[in-house]
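S.K.: Have a look at the structure that comes next, please.
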Amino acid sequence: MILGVKSGIIKFIYIFITWGYLPTLGNDVARHYGIYLLLFDKEMIMAIGFVLAVLAGLEKTFEDTKPGISGVSGILRNVVVLWYFFKFLEMITLIRLPALNINISVSYNLIKDLVVASIFLTIFKHVIQIAFSKQLVKKPET
Amino acid sequence: MAARTIFNIIKVIVILFGIGVSVLSTIMTYDAASLNIGLKDAAGSVVFTVGPTTVDVEATIGLEHRGILFSFSNMNVIVYIYSDAVGNNSPVALDKETFTINPGEQKTLTFDFVISRAIFNSTTEWTIVIEVEGIMSLMDMNFVSFTLNYTETF
């Protein structure tokens, strides 16, 4: 259990840095150069990153001891990721570079489907985790 | 035990699929950034050759694909020329080229237009609009399609 908590904390920190903190740096750089505007402000990005980090932390903490809780956290996390991904696509569908007199509109076809499939596959993994939660509990080694 | 094995197999598939998608997305981003279209040079390279009743216009665009995996297929490049004497609603001339460019290739496109001498004489400001429509594809599969507009006035 202690090992699980340690892994959970590490996962929380990792996810919060990659999903909460680093995107705000990208946001600042982009705004500095006037490349594009994010749909969310800095606080919103940090808040979403925090929620994802908490869910990922819970997922990792209970992975071996309570797979059901881990699975539910995983599903919730991936639902947020899916919503965030579509918001991100919305944001980068039209890119304006006024300094260069360039406008680019992009339509994400197969790459969007692959990312969505990857998220749904992860959700499916968590559904299996919930369905077989009793059998997936790791017995302590003697 | 069986449930654990099935779960581990699904976990490995999810990880491998995720890695595959991430690698493809990263290469695609790199390839998109590696397409060099000399739009500014094109707008600057417009040459007007004045004749008795018409004016021949020539514009050249250089393209270089320095990417590694994805092709830009069915690329349509349309160059529009607008004159302030006519207005910005209808171009006085346009020309179009369609091509496919693979990683490591270079291409030069030349666009030729004919404009009436009367419009040429009454124009004080020209606007060149270059529109690029393309598809980023791999093995004939359409990963991303895009439209790019570049405008230069001189």
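S.K.: Among the residues of region B:53-102, write down those that are outside any strand (DSSP E or B) and in contact with a Lys or Arg (Cβ under 8 Å, 6 or more places away or on another chain).
M.R.: Of all residues in region B:53-102, those outside any strand (DSSP E or B) come to B:53, B:66-70, B:84-86, B:88-92, B:102.
Listed by number, the list holds a single entry, B:THR53.
S.K.: Quick one: which residue in B:SER83, B:SER116 is away from chain A (no Cβ under 14 Å), touching a strand residue (DSSP E or B) at 6+ places or on another chain (Cβ under 8 Å), surrounded by fewer than 17 Cβ atoms within 10 Å (Cβ to Cβ) and of a type in the set (S, T, N, Q)?
M.R.: Working: B:SER83 fails: surrounded by fewer than 17 Cβ atoms within 10 Å (Cβ to Cβ).
Residue meeting the stated conditions: B:SER116.
S.K.: Filter region A:53-88 down to residues that are within 19 Å of A:VAL127 (Cβ to Cβ) and either of a type outside the set (Ser, Thr, Tyr) or within 13 Å of chain B (Cβ to nearest Cβ) (or both), then give me how many there are.
M.R.: 25
S.K.: Also, I was wondering about something else. Say whether the condition of being of a type in the set (Phe, Trp, Tyr), in contact with a helix residue (DSSP H, G or I) (Cβ under 7 Å, 6 or more places away or on another chain) and either free of Cβ contacts under 8 Å to residues at least 24 places away in the same chain or in a helix (DSSP H, G or I) (or both) is met by at least one residue in region A:61-82.
M.R.: No, that holds for no residue.
S.K.: Same structure again: Can you tell me how many residues within region B:129-154 are in contact with a helix residue (DSSP H, G or I) (Cβ under 8 Å, 6 or more places away or on another chain) and either among the hydroxyl-bearing types (Ser, Thr, Tyr) or more than 10 Å from every other protein chain (Cβ to nearest Cβ) (or both)?
M.R.: Of the residues in that region, 2 qualify.
S.K.: Let me ask something additional. Can B:VAL132 be described as within 26 Å of B:PHE154 (Cα to Cα) and surrounded by 21 or more Cβ atoms within 10 Å (Cβ to Cβ)?
M.R.: yes
S.K.: Just name the residue that is farthest from the other protein chains (Cβ to nearest Cβ) out of those in region A:89-129 that are within 18 Å of B:PHE146 (Cβ to Cβ), free of Cβ contacts under 8 Å to residues at least 12 places away in the same chain and part of a helix (DSSP H, G or I).
M.R.: It comes out as A:ASP113.
S.K.: Please tell me if B:GLY38 is within 13 Å of chain A (Cβ to nearest Cβ), surrounded by fewer than 18 Cβ atoms within 10 Å (Cβ to Cβ) and over 30 Å from A:HIS126 (Cα atoms).
M.R.: yes
S.K.: Which one is farthest from the other protein chains (Cβ to nearest Cβ), of the residues in region B:1-19 that are within 14 Å of A:GLN129 (Cα to Cα) and among the small types (Gly, Ala, Ser)?
M.R.: B:ALA2
S.K.: Separate question: For residues in region A:130-139 being in contact with a helix residue (DSSP H, G or I) (Cβ under 7 Å, 6 or more places away or on another chain) and assigned to a helix (DSSP H, G or I), which is farthest from the other protein chains (Cβ to nearest Cβ)?
M.R.: Ranking the candidates gives A:ILE130 first.
S.K.: Here's another thing I want to ask about it. What are the pairs, 6+ residues apart or on separate chains, where a residue within region B:13-30 that is in contact (Cβ under 8 Å) with a residue 40 or more places away in the chain has its Cβ under 8 Å from a residue that is in a helix (DSSP H, G or I) and surrounded by 13 or more Cβ atoms within 10 Å (Cβ to Cβ)?
M.R.: B:LEU24/A:ILE111; B:LEU24/A:LEU114; B:MET28/A:ILE111
Readers should treat all values here as calculations from the given coordinates under stated rules, not as data from a laboratory. Note that the structure is predicted; figures quoted are calculated from it, not measured. Reconstructed Cβ throughout: ideal geometry from the backbone, glycine too, with neighbour counts over all protein chains shown.
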